[in-house]
Amino acid sequence: MILSLLIPHYLRRVVVDVIIPAYNEEGTIGKVVRDIDRNLVRHVVVVNNTSTDNTVEVAKSAGALVLHQNKRGYGRTCLTGIDHVSALKAPPDVVAFMDGDYSDFPGELKDILAPIREENIDMVIGSRALGQREKGSMTPQQRFGNWLATAMIRVIYRKKYTDLGPFRAIKLSALQQINMQDQTYGWTVEMQVKVIKQGLSYIEIPVDYRRRGAGQSKVAGTLKGTIFAGWKIITTILRYC
């Protein structure tokens, strides 16, 4: 115990597990899992959310641990992964999240983790607004929704975010402290607002973003998904103020 206190925090091994919610991502999930640096990450947990294609088989063959959540919902699926890694005999120090559509660059995970490892930051958001976006990777309604949500947070909470992006990492202790509840599309903004309210430290770093590798977006790809996600994000921001 005394020896561990004498070792600088940036030299200590930080155990990281990655959670990837996935719904019908057979065309991309294998690439996502294989591109994650296993020198940085202990477990890659893909949570299958009622996929009807070969997502499960592809994820397993790429080396992921696959869990199942049989009720639809982005937040619900992430919570399934959190419950699993939290219950492990040796829980992780940090939980990272990314989508399974290959829009994020898994190679940038080292940059996401660096502020936690080196500066003891509680949460790191990968900001697509600060990075380079491939043309067509975000729809106009996604860009507007991000702008509106982050502007609301700035006005209501007096704190700044530039994005609600899915690529992020957070200490497990912080995740347990904020007690995530949202079952659907309010998930990302709930985490960010609760981190502010709990006085936890956070930082945004630039990440690049590309068009999804295959399939259709479950949010921006449909009018219903876009409207519902927008409504959930706005009401979540207002609920916690």
Handout entry: Members of region 167-216 found to be of a type outside the set (D, E, K, R), modelled with pLDDT under 95 and within 16 Å of Asp101 (Cα to Cα), listed by number
Key = Gly213, Ala214, Gly215, Gln216
Practice task
Please verify whether region 90-97 includes one or more residues that are without any contact (Cβ under 8 Å) to a residue 60 or more places away in the chain and either in contact with a Pro (Cβ under 8 Å, 6 or more places away or on another chain) or surrounded by fewer than 17 Cβ atoms within 10 Å (Cβ to Cβ) (or both).
Solution key: no
Fill in the blank from the handout: Checked region 75-123 for anything among the polar types (S, T, N, Q) and farther than 15 Å from His43 by Cβ; matches are Thr77, Ser103, Asn120
Exercise for the section: Quickly run through region 94-109 and pick out the residues that are touching a Phe, Trp or Tyr at 6+ places or on another chain (Cβ under 7 Å) and among the small types (Gly, Ala, Ser). Expected result: Ser103
Problem - Residue that is surrounded by the most Cβ atoms within 10 Å (Cβ to Cβ) [pool: residues in region 25-58 that are over 18 Å from the mean Cα position of the chain (by Cα) and either on the phi > 0 side of the Ramachandran plot or aliphatic (A, V, I, L, M) (or both)] - result: Val58
Handout entry: Restricting region 120-142 to residues that are loosely packed, with under 14 Cβ neighbours inside 10 Å and either farther than 19 Å from Gly107 by Cβ or under 15 Å from the mean Cα position of the chain (by Cα) (or both), the residue that is modelled with the highest pLDDT
Key = Asn120
Practice task
Identify all residues within region 162-217 that are of a type in the set (Phe, Trp, Tyr) and not in a loop (DSSP other than H, G, I, E, B); write none if there are none.
Solution key: Trp187, Tyr202, Tyr209
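The values are calculated or read from the model by the stated rules, or taken from the named source; none is laboratory data. Keep in mind that what you see is a predicted model, and the values were worked out from it rather than measured. A quick note on method: Cβ atoms are made from the backbone with ideal geometry, for glycine too, and the neighbour counts reach across all protein chains shown.
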